[in-house]
1. Using the basic label-point model (7 angstrom from Cα toward the beta carbon), what is the residue 186 to residue 210 distance in nanometres?
2. Take the Cβ-Cβ distance between residue 89 and residue 19 as r, set R0 to 25 Å, and report the resulting FRET efficiency rounded to the nearest 0.05.
3. Just subtract the alpha-carbon distance of residue 245 and residue 133 from 0.36 nm times their residue separation and send over the number in nm, one decimal.
4. Counting other beta carbons within 10 Å of each residue's own, what order do 67, 199 fall into, fewest first?
5. Full extension from residue 176 to residue 96: what is 0.36 nm times the residue separation minus their Cα-Cα distance, to one decimal in nm?
6. 5 Å is the cut-off here: which amide hydrogens, built 1.01 Å from N in the peptide plane, fall below it relative to residue 149, excluding neighbours closer than 5 in sequence?
Amino acid sequence: MLTFVFVCLSISVSGLHAEFTVTVPNPSVKVKENEGADLKCTYTADFGATPRVEWKFKDLKGSQSFIYFDNKPTAQYASRITVYPGGLRFNKVTRADTGDYDCEVSGNQGYGEKTVKLTVLVPPSKPVSRVPSSVTTGSNALLTCFDKDGSPPPTYKWYKDNTPLPDDPSKFPSFKNLTYKMNAFNGNLEFPSVSKLDIGSYFCEANNGEGAPQRGDAVKMDVRDLNVGGIVAGVIVALLAVGLLLFALWFASKKGYLPSKFLRVSGVR
């Protein structure tokens, strides 16, 4: 009997508390650049007849700012947005509008917030790639690829001699002797230890599903053997040059052609 009374009391007390709830029907909105966008945000009546509604924006770099504050759009958004009961509307979005939008509602001593993620869809542009023209056998080689415009960020694919390179070469018989590492998300193609098998013409491709994939320029990468003989010969020539210089200084000092001050500085006796 006591348990029943306690349960009933709990139900009646909880019913007295207001439920401050903020709802976003679509937490992820995707729209093409230069089109309009609606970010919907609703809230329960518990906030009162005139709740305070604010919108904050956080861009991809983490910078945060108000876009609607004190019942009006901030200066930089005044001509671009309209706030209405139930949401916020952009007249036209740009790629810089991609980010998180916080809908914050407060009133009658209650507070709630929800976030809408807006992605402005932009096709990739021609990616910028860097391919070394010549590397030494056994050395590390890094090929990079980057597209600055695509939204969402594109993924990358590399081609060698017009043939697409698989993500994992060990799984394909035609590529099993290659030892590269490819990162589809940052565009890097790395050869920890290049060999003659890696000689070829390389280009990258950026694709985010918006518009046609874009390809960078093809660049030939050559792999050369380390010229050990040339290095040894260079060292020998350098040593001979140093020896001849020291001999010349010694001979000049013996003949008295050099002042004593110079001899002390150079260390010649």
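Every read-out reported here was derived from the displayed coordinates using simple, explicitly stated rules and does not represent laboratory data. Treat the numbers as computed from the prediction; the structure is a model and nothing was measured. All Cβ positions, even for glycine, are placed from backbone atoms using ideal geometry, and neighbour counts span all protein chains on display.
1. A separation of 2.3 nm, rounded to one decimal place.
2. Numbers: r = 27 Å, r/R0 = 1.09.
Between residue 89 and residue 19 the formula returns 0.35.
3. On the way: separation 112, 0.36 × 112 = 40.32 nm, distance 3.83 nm.
That works out to 36.5 nm of additional length.
4. Details: 67 21, 199 15.
The fewest-first ordering by Cβ neighbours comes to 199, 67.
5. Values: separation 80, 0.36 × 80 = 28.80 nm, distance 4.27 nm.
Between residue 176 and residue 96, full extension yields an extra 24.5 nm.
6. 125
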